[in-house]
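Trainee: Have a look at this one.
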Amino acid sequence: MNLTAGKLLRYVIDTSTLIDLNRGNLLPVLFRLPCIFVITDLIIHELRDPPFEKLSTMGLSVEHLSPEKIAEIYVLSGKYEKPSPEDLSVLVLAKSKGTILITSDTALRHAAADNGVDYYGTCWLIDFLADQNIISYSQAVSAYNLIRKNQRFPPGEECRRLLSQWVKKRKLLE
């Protein structure tokens, strides 16, 4: 899972994934991963449940974009009807830092692909939690089902593939 000995990996994370993880009751364990999760100051207002202040105390970091990066958002906004400028801010940040964007937003994933930014989704992050033994594969399956029950729809293809793997691993470990 991209772990470098002794070095914390930085990922830019979108609110869609944070909301998914909250609906799956996984936010309390997210920040146990050997990673730093970063958002832009432009999406703080989107974090209401739970509020940004709570996520900040858990370990979520914020970066401010330079005027040049803000201008880049406006250029991208002219190119894409969706995602929103706020969503594009995390894409611009991930691109400028040369890191991976974690998002479940389909339009943002397409824009990331168009702009050469690697991305993963909610289920990848759940898989990361299970691979790091922070949660069990049974908990991964339960969290995914809870996310879906709570009317959240993380990327389907990625989730179907990983869900199948979790079920197999759960059976092997039981």
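Trainee: Have a look at Ile73, Leu60, Ile43 and report the one farthest towards the positive end of the charge dipole of the chain, computed about the Cα centre with Cβ charges (Lys/Arg +1, Asp/Glu -1).
Mentor: Of the options given, the answer is Leu60.
Trainee: Under a 5 Å amide H to amide H cut-off, with H placed in plane at 1.01 Å, what residues pair with Ile135 once short-range neighbours are removed?
Mentor: The list, which skips near neighbours in sequence, is Ala130.
Trainee: Under a GNM of the chain (C-alpha, springs under 10 Å), which listed residue has the highest mean-square fluctuation: Val117, Val75, Val62?
Mentor: Of Val117, Val75, Val62, the Gaussian network model singles out Val75 as fluctuating most.
Trainee: Can I ask one more? Quick one: of the DSSP bridges fully inside the chain, what percent are antiparallel, nearest 5?
Mentor: Around 15 percent of the beta bridges assigned by DSSP in the chain are antiparallel ones.
Trainee: Also, I was wondering about something else. How would you rank Asp118, Asp127, going from fewest to most other Cβ atoms within 10 Å of each one's own Cβ?
Mentor: Listed from fewest to most nearby Cβ atoms, that is Asp118, Asp127.
Trainee: For Cα pairs less than 8 Å apart in space and 6+ apart in sequence, what is the mean separation divided by the residue count of region 55-114, i.e. the relative contact order in percent?
Mentor: Reported relative contact order: 28 percent.
Trainee: For region 9-122, what's the relative contact order in percent, using C-alpha pairs closer than 8 Å and at least 6 residues apart?
Mentor: 32 percent
Trainee: With +1 on each Lys and Arg Cβ and -1 on each Asp and Glu Cβ, and nothing else charged, work out how big the dipole of region 1-138 is about its Cα centre, in Debye to the nearest 20.
Mentor: 300 debye
Trainee: Which option, (i) 1.02; (ii) 1.15; (iii) 1.29, is the value of Cα Rg over 2.2 N^0.38 Å that was calculated from these coordinates?
Mentor: Correct label, based on the coordinates given: (i).
Trainee: As a test of the formula, what do you get for the chain when each DSSP H run with n ≥ 4 contributes -39,500 (n - 2.57) and the sum is divided by the residue count, at 222 nm and rounded to the nearest 500 deg cm²/dmol?
Mentor: Counting only the DSSP helices, I get -16500 deg cm²/dmol.
Trainee: Going by a 4.7 Å Cβ-Cβ cut-off, which cysteines of the chain have no partner at all?
Mentor: Cys35
Trainee: Taking the chain as a Gaussian network, Cα atoms linked when under 10 Å apart, which of Leu93, Leu42, Leu101 shows the biggest mean-square fluctuation?
Mentor: Of Leu93, Leu42, Leu101, the Gaussian network model singles out Leu42 as fluctuating most.
Trainee: So, one more: Test of understanding: in a Gaussian network model of the chain with alpha carbons linked when under 10 Å, which of Ala143, Ala94, Ala130 would top the mean-square fluctuation ranking?
Mentor: Of the options given, Ala130 has the highest mean-square fluctuation.
None of the figures in this text is laboratory data; all of them are computed from the coordinates on show. None of these values were measured; they are calculated from a predicted model. We place every Cβ from the backbone using ideal geometry, glycine too, and count neighbours over all the protein chains shown.
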